[in-house]
There are 2 protein chains.
Amino acid sequence: MPSDVPTRRPPGYDPRDHPPFAVTVDLVVLTVRDDVLQVLLVRRGEEPFAGCAALPGGFVRPGEDLAEAAARELAEETGLHAAPAHLEQLASYGRPGRDPRMRVVSVAHLVLAPGLAEPHPGGDAAGARFVAASEVLAGAPALAFDHAGILRDGVERARAKLEYSALGTAFCADEFTVADLRAVYQAVWGVPLDPRNFHRKVTGTPGLLTPTGGSTARGGGRPAALYRRGPAAQLWPPILRPAS
Amino acid sequence: MPSDVPTRRPPGYDPRDHPPFAVTVDLVVLTVRDDVLQVLLVRRGEEPFAGCAALPGGFVRPGEDLAEAAARELAEETGLHAAPAHLEQLASYGRPGRDPRMRVVSVAHLVLAPGLAEPHPGGDAAGARFVAASEVLAGAPALAFDHAGILRDGVERARAKLEYSALGTAFCADEFTVADLRAVYQAVWGVPLDPRNFHRKVTGTPGLLTPTGGSTARGGGRPAALYRRGPAAQLWPPILRPAS
DNA sequence: CCAAAAGTGTTTGATTTACACCCATGG
DNA sequence: CCATGGGTGTAAATCAAACACTTTTGG
């Protein structure tokens with residue numbers, strides 16, 4: 001079908017070739033709180049979708065790279081100042097009509113943050129809060145634009161990367177126990193994991209954990225050794241696999 | 001550092017918030033020919049980088065979705081009409097200054113095509129040809145813009161996905177033998193694989209191959225059974241792993 | 001018959017799984 | 001002492017690598 005299109009002209013500066021696009025970044029910020037995978041949502045203050053829940057995000061500014069814009073929006077909209085444990089580009093969404101105002105291409109980013117992080121909405125968003133991802137995926141608070149699809153892709157990416165990378169530790173605070181890390185995997189995958197085998201596996205993976213020497217005692221039970229994120233040189237073979 | 005910026009204003013339609021961007025798609029088209037992983041390059045006809053090698057690509061048009069634009073550019077610039085075996089979004093690149101003319105965000109796509117495909121350059125590109133990926137990665141023909149980095153990301157993605165998906169078959173023609181598929185894996189990974197174990201593994205993976213019943217004899221040796229791409233329902237566990 | 005490539009069987013070692021068991025603390 | 005969770009040992013099952021061997025063609 002492209003052969004009978006009369007517009008096969010050389011690429012140049014004809015405005016028909018590069019119509020004005022707006023470029024935004026949207027953020028899928030995930031954390032694990034109370035043993036549940038949660039996603040950061042804001043309440044939109046303006047049309048379209050005013051009052052509706054949405055992923056945090058905003059326009060990319062003239063001098064900014066995409067990742068830079070994502071980091072700025074994260075700080076601006078949520079007050080999560082501490083460097084997030086992990087920020088990576090997710091995918092871009094540019095379906096015509098996804099924003100009723102104009103042609104917008106959104107470059108979505110995935111952020112994994114420790115559960116401690118408490119958002120206090122900055123200037124832009126009327127409200128920012130963590131909500132259980134499972135509920136949002138089920139449609140509980142409906143999301144603006146095509147953010148439901150973006151969230152789905154982000155959760156899927158997180159689940160997949162946990163399997164063959166050291167990213168699970170990105171959900172943990174600076175110091176954490178093996179049980180903390182196991183809670184992360186269980187929350188993200190939604191499956192129970194054997195504590196004994198989990199312990200052996202993560203402590204036996206070179207580069208994943210760095211022991212701090214300290215230990216902690218929470219409630220009854222033997223104190224657990226504390227660890228920090230390791231250099232995680234070795235990604236393969238898979239760290240762990242969700243239950244068969 | 002974002003806290004002392006005096007521009008924390010609500011997002012709206014202030015043109016400073018959404019300056020004009022151009023949005024393009026760039027294509028990393030990979031194939032396996034003569035047991036070597038190759039990438040499709042075009043020669044740029046215009047400034048900037050006139051005469052320089054580059055990845056095929058072009059501007060996204062007003063009514064088009066991103067994947068649509070990628071498919072159109074593929075057909076226009078290379079004449080590869082047959083539906084490619086696989087097309088997926090790779091990543092977006094928007095560093096300020098990556099295009100000297102204006103602010104351009106490029107949404108790169110990854111295309112895996114059978115080795116048969118012979119490009120005959122369409123209207124736009126002055127020339128299109130397949131070049132060994134290893135040479136381009138080494139800098140042999142220097143690429144325009146930041147296309148070297150995009151290519152690196154594309155090859156890395158292809159290598160990774162071959163391991164845990166059925167994508168290897170995307171490089172094969174409609175009907176192919178197990179040896180053809182093995183040649184693909186060896187070319188992409190650059191490692192030799194045991195023919196016996198490879199055979200057992202791929203024929204034993206449900207959904208990967210559909211036997212056609214036919215067989216082929218090339219040169220001396222026992223004829224090989226022919227297969228078609230299967231539904232590939234099961235992606236995990238990893239199909240294969242590059243040599244340890 | 002011989003060479004060459006396709007395909008099967010078998011052996012060996014690594015990895016995963018399941019679970020018995022010991023360790024260290026609070027109450 | 002006992003409950004609770006942290007951590008180690010071990011045996012069975014599963015999987016992967018190496019390779020001997022059989023099958024089916026062309027010359």
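The values are calculated or read from the model by the stated rules, or taken from the named source; none is laboratory data. Quantities reported herein were computed from a predicted structural model and do not represent experimental measurements. When we count neighbours, we look across all protein chains shown, and the Cβ atoms used for this are built from the backbone with ideal geometry, even at glycine.
Selection of the stretch B:121-140 for residues being assigned to a loop (DSSP other than H, G, I, E, B) and at pLDDT below 95 yields B:121, B:122, B:123, B:124, B:125, B:126, B:127, B:140. When each of A:148, A:217, A:140, A:113 is tested for being more than 18 Å from the chain's Cα centre (by Cα), away from chain B (no Cβ under 14 Å) and closer than 30 Å to residue A:59 by Cα, the lone residue that passes is A:140. Within the stretch B:127-149, residues that are more than 21 Å from residue B:91 (Cα to Cα) have Cβ atoms under 6 Å from residues that are of a type in the set (D, E, K, R) in these pairs: B:127/B:43, counting only partners at least 6 apart in sequence or on another chain. Whether any residue in the stretch B:130-151 is within 30 Å of residue B:226 (Cβ to Cβ), touching a strand residue (DSSP E or B) at 6+ places or on another chain (Cβ under 6 Å) and aromatic (Phe, Trp, Tyr) is what I want to check. Yes.
Matching residues to (1) of a type in the set (Ser, Thr, Tyr); (2) at pLDDT below 95:
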site: B:1; (1), (2): no, yes
site: B:15; (1), (2): no, yes
site: B:20; (1), (2): no, yes
site: B:29; (1), (2): no, no
site: B:53; (1), (2): no, no
site: B:74; (1), (2): no, yes
site: B:84; (1), (2): no, yes
site: B:93; (1), (2): yes, no
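Only one of the numbered conditions (1) within 16 Å of DNA strand C (Cβ to nearest atom); (2) in contact with a Lys or Arg (Cβ under 7 Å, 6 or more places away or on another chain) is not met by residue B:144, and that is (1).
Does the stretch B:186-209 contain at least one residue that is away from DNA strand D (no atom under 16 Å from the Cβ), surrounded by fewer than 18 Cβ atoms within 10 Å (Cβ to Cβ), within 20 Å of the chain's Cα centre (by Cα) and away from chain A (no Cβ under 14 Å)? So far as the stretch B:186-209 goes, no, none of its residues is away from DNA strand D (no atom under 16 Å from the Cβ), surrounded by fewer than 18 Cβ atoms within 10 Å (Cβ to Cβ), within 20 Å of the chain's Cα centre (by Cα) and away from chain A (no Cβ under 14 Å).
Listed here are the helices (runs of 4 or more DSSP H) enclosed by the stretch A:145-237 that have at least 2 residues being under 30 Å from residue A:48 (Cβ atoms): A:147-164.
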